[in-house]
Amino acid sequence: MRIAVINRDRCQPRKCARECEYFCPPVRTGDETITFVDGKPVITENLCVGCGICVRKCPFGAITIINLPDELENPTHRYGDNGFALYGLPVPTEGRVTGLLGPNGIGKSTAVAILSGLMAPNLGRGASWKEVIESYSGSALGDYLRRVVEKGVKTAYKPQYVDRIPKSYSGSVEGLLEKTDERGALSGLAEKMNLSPLMGREISSLSGGELQRVAIAACAARDADVYFFDEISPYLDIYQRINAASAIRELSETRSVMVVEHDLALLDLLAENVHLVYGTPGAYGVITRPKGVRVGINQYIKGYFPEENIRVRSEPIVFEVHAPRAEKDVPLLAKYETFSKRYTSFVLEAERGEIRRGEVVGILGPNGIGKSTYIKILAGVEEPTTGDLKLKLKVSYKPQYLKADFDLPVQVFLRKITPEFDSSYYQSEFVKPMGLENLMDQTMEELSGGELQRVAIVGCLSRDADLYLLDEPSAHLDVEQRMMAAKVMRRFAESTERSVLVVDHDIYLIDLLSEKLMVFEGEAGKRGFAHPPVKMREGMNRFLASIGITFRRDEDTRRPRVNKPGSRLDRSQRETGEYYYYADDVA
């Protein structure tokens, strides 16, 4: 089977009519492969031979032709002619947390919207609910969908984009949560999610992290049979993610919970089973049958799903165990003395430390503890209140919050930064692995959050500098993109002997790219203390002990795995003080 997908946002028929008139003429009649409907091209899929000429000819990269296996002939849902197609749906399981894992733009949110009753599947042909139920009759999914239509199952849904909540609700946090508190669980959720200080605040005044915590609590407070959480980690630090996971696991003891998540450590902690989603982002997505969470995540990391006989990645993601380098063999880049930064209600104190050449240092700690302030001081954006920080280094800095308030194509933006843009090295080391090829003609203003983040990472690494500072590079990126970004940053540091400091809340990303770690402690919003860079083992033991979780390495992939709280291995590691793998795991 062959499907054609046209990206309507990129398609500009008036501009390209002269260039590809043979393929996209103003008017066509008869049995031509490409016709026009309402001024937009439509490809007749049963006539398309998949020659790929139209794909290469389209100057905007708007056309995609994909050959699919015969068993994917009937989609569960399709967004109109030549639109995105979704194949299959997961099924919620009572008493369990079920995870959905896959790239952005692959159909996870569409599946959740259908299962929660917010959207009706059309089977790719405008089918009614009756036809949908008949199509899945005799299966657990068919029984579930019938109950959704007949209102025999009550669902609660936490949306992906929490920043849209203020547009649909105006009022106080307390007012919103009281409306959703159908189980009488508000007081417990408010304590677990640290919402008490926010109760009197207006929804419109909340930050992204505060909105995320309120949205999770509002969903969990509902009295539902099935709960859907579409991404709980964005804007939250690791402490808040652990608290959210605890609240969701309590729900799953008697009800069904489904979670879409890109933080693999969090998904590992939360879920009992997981559905993997593969395909081509923006074109089609296929949802696999459920797998055990360990098996599913391992298959995703390896890039091969044996039950489906599908390879989704040419190379596996490799979690290497690096033997620590002897410091005498690593040249010193810079050292700094103790310094502090004081604001009206917050003070950051940084202990003396040093940065060595070619080193990647990860930075972990809760929100509001001074990590971004520390990075800004190293970058020269802020001045310390006490202490003299004369690094005398060229610094490249990617801030936490990105703004693209200029109408400049991506390739022009990158060409302005580096003369190496057209070199094969630059294209193979940055542009291709970060997936920027199809973004080159788009302006910075047109980019989504994830696209802008990838361009900003490459832009930061493209500058000629001694020290590279990246604040939360994983924000808005899916698992695949996070792992690739980690690989690019690590390889860049090793090949150029440049030093890189990375602030992030994704422990997998920090584990993949760092050889040293800085841990920030203190009281959020009041005081922060920056410990100097130390070896990963020492830093992770300090950090994991502070949040009360233990890690082990997976025997198969060597990836870090969160031990289930109270498990035999969790208790054993706590007793020995080894929160970050056993000693023989890193020998």
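The values are calculated or read from the model by the stated rules, or taken from the named source; none is laboratory data. Quick caveat, the model's predicted, so the values are computed rather than measured. Please note: Cβ atoms are built from the backbone with ideal geometry, for glycine as well, and neighbour counts cover all protein chains shown. In case anyone asks, the SASA skips ligands and DNA or RNA and just uses the protein heavy atoms, side chains included. Shrake-Rupley method; radii C 1.70, N 1.55, O 1.52, S 1.80 Å.
Annotation note: of 464, 471, the sole residue that is closer than 23 Å to residue 416 by Cα, open to solvent by 10 Å² or more (accessible area, probe 1.4 Å) and at pLDDT 90 or above is 464. Can you say whether residue 305 is at pLDDT 90 or above, among the aromatic types (Phe, Trp, Tyr) and open to solvent by less than 20 Å² (accessible area, probe 1.4 Å), as far as the supplied structure shows? For residue 305, the condition - at pLDDT 90 or above, among the aromatic types (Phe, Trp, Tyr) and open to solvent by less than 20 Å² (accessible area, probe 1.4 Å) - is met. Residues in region 284-314 that are closer than 21 Å to residue 561 by Cα and not hydrophobic (A, V, I, L, M, F, W, C): 290, 291, 292, 294, 296, 298, 299, 300, 302, 303, 304.
Across region 240-250, what is the total count of residues that are in contact (Cβ under 8 Å) with a residue 12 or more places away in the chain and open to solvent by 10 Å² or more (accessible area, probe 1.4 Å)?
The number of residues fulfilling the criteria is 6.
Assess whether residue 127 counts as being under 30 Å from residue 207 (Cβ atoms) and either assigned to a helix (DSSP H, G or I) or open to solvent by less than 40 Å² (accessible area, probe 1.4 Å) (or both). Criteria not met by residue 127. Strands (runs of 3 or more DSSP E) fully within region 331-384 that include at least 2 residues being touching a residue at least 60 places away in the same chain (Cβ under 8 Å) and of a type in the set (D, E, K, R): 353-356.
Only one of the listed residues (306, 316, 281, 331) is in contact with a helix residue (DSSP H, G or I) (Cβ under 8 Å, 6 or more places away or on another chain) and closer than 30 Å to residue 492 by Cβ. That residue is 316. Applying the set (1) under 27 Å from residue 240 (Cβ atoms); (2) open to solvent by less than 60 Å² (accessible area, probe 1.4 Å) to residue 339 leaves exactly one unmet item: (1). Taking the conditions exactly as written (open to solvent by less than 40 Å² (accessible area, probe 1.4 Å), in the same structural domain as residue 384 (by the TED database), within 22 Å of residue 242 (Cβ to Cβ) and of a type in the set (A, V, I, L, M, F, W, C)), does residue 492 satisfy them or not? No, not satisfied. In region 446-460, the condition of being loosely packed, with under 15 Cβ neighbours inside 10 Å, of a type in the set (Asp, Glu) and either farther than 24 Å from residue 502 by Cα or not assigned by the TED database to the domain that holds residue 487 (or both) is met by no residue. Of all residues in region 385-402, those that are within 24 Å of the chain's Cα centre (by Cα), surrounded by fewer than 20 Cβ atoms within 10 Å (Cβ to Cβ) and in contact (Cβ under 8 Å) with a residue 60 or more places away in the chain total 3.
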